[in-house]
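The structure under discussion is supplied below as structure tokens; questions concerning it will follow.
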Amino acid sequence: MPQLQPEGRAPGRFPTTQWSRVVTAASRDASEAREALSGLCEAYWYPIYAYVRHRGYAPEQARDLTQDFFAYLLERDLIARADPARGRFRAFLRTVCARSLADRRDRENAAKRGGGRHPLSIDHRDAERRYAREPAHELTPERIFDRTWALTLLGRVVERLRREYDDAGRAARFAELIAVLTRDPRSGSYADIADRLGTTEGNVRVAVHRLRGRYGLLLREEIAATVGDAAQVDDEIRTLFAALEG
């Protein structure tokens with residue numbers, strides 16, 4: 001299992017991006033649609049940002065284009081076309097982003113940025129800090145997108161687990177166990193962890209096993225929320241882990 005590093009601010013509520021939620025976002029007049037779209041933007045702005053940056057745009061341009069991208073989805077009612085039967089939400093977003101960039105000149109001749117839009121708030125320092133860690137020289141923009149998408153999903157699963165342990169008053173235990181799961185070299189041996197937690201090595205092994213199982217279930221749940229068919233889950237998991245290894 002690769003090292004998992006949750007990125008960015010933890011949202012107030014874990015935003016599950018289900019296809020039904022995407023369809024809800026297409027109904028622009030409803031308050032729940034605006035909330036759904038806000039969740040989509042908050043959850044998936046960084047893979048889009050990294051994709052745009054790797055297409056050769058400067059940081060300030062990439063921020064503007066990322067914001068414009070989500071407005072582009074609404075203005076052209078493209079979210080309404082996000083049909084689960086037509087494939088993965090990940091592929092849908094990447095394809096639409098590529099078209100959005102291709103149409104950039106046409107849009108620049110129309111109303112300038114702003115124009116009543118509510119732009120996505122992007123922390124430029126956080127965005128560039130994360131982008132600086134991308135293996136930008138050896139990967140294509142498409143591979144960068146898949147890689148950052150995978151890291152976003154994995155980080156969100158870790159954050160969901162963190163909240164579960166926090167709610168149970170076991171934050172210290174989670175910090176020790178997740179270090180094992182993510183292969184953090186600072187975690188030490190099971191015996192070291194048992195000593196820090198005041199328990200036995202056997203109990204630590206059981207706890208890690210349970211956490212790994214819960215992690216796997218949540219990961220499958222998150223993947224299932226972004227594909228049109230449950231039969232695609234295993235293939236999507238293989239694709240995303242291959243992107244990480246690349």
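The values are calculated or read from the model by the stated rules, or taken from the named source; none is laboratory data. Quantities reported herein were computed from a predicted structural model and do not represent experimental measurements. Cβ placement follows ideal geometry from the backbone for every residue including glycine, while neighbour counts extend to all protein chains displayed. Heavy atoms of the whole protein, side chains included, go into the accessibility calculation; ligands, DNA and RNA do not. Shrake-Rupley method; radii C 1.70, N 1.55, O 1.52, S 1.80 Å.
Can you pull out the helices (runs of 4 or more DSSP H) entirely within the range 33-139 that have at least 1 residues that are at pLDDT below 80, surrounded by 18 or more Cβ atoms within 10 Å (Cβ to Cβ) and charged (D, E, K, R)?
Correct list: 124-131.
Quick check, is LEU240 over 20 Å from LEU93 (Cα atoms), out of contact with any strand residue (DSSP E or B) (no Cβ under 7 Å at 6 or more places or on another chain) and assigned to a helix (DSSP H, G or I)?
Considered against the rule, which asks whether it is over 20 Å from LEU93 (Cα atoms), out of contact with any strand residue (DSSP E or B) (no Cβ under 7 Å at 6 or more places or on another chain) and assigned to a helix (DSSP H, G or I), LEU240 comes out as no.
I would also like to ask the following. Only residues in the range 228-244 that are under 19 Å from LEU217 (Cβ atoms) and free of Cβ contacts under 8 Å to residues at least 60 places away in the same chain count as the first member; pair them with residues that are assigned to a helix (DSSP H, G or I) and of a type in the set (D, E, K, R), Cβ under 9 angstrom, at least 6 apart or cross-chain, and list the lot.
VAL233/ARG220; ASP234/ARG220; ILE237/ARG220
Given the conditions (1) part of a helix (DSSP H, G or I); (2) surrounded by fewer than 18 Cβ atoms within 10 Å (Cβ to Cβ); (3) within 21 Å of the chain's Cα centre (by Cα), report the number of the one that LEU219 does not fulfil.
All conditions are met except number (2).
While we're looking at this one, here's another question. So which helices (runs of 4 or more DSSP H) stay within the range 141-216 end to end and still have 1 or more residues that are within 22 Å of the chain's Cα centre (by Cα)?
By residue number, 141-167, 171-181.
Let me ask something additional. Hey, can you tell me all the residues within the range 171-212 that are open to solvent by 40 Å² or more (accessible area, probe 1.4 Å) and under 15 Å from VAL158 (Cβ atoms)?
ALA171, ARG173, ALA175, ARG183, ARG212
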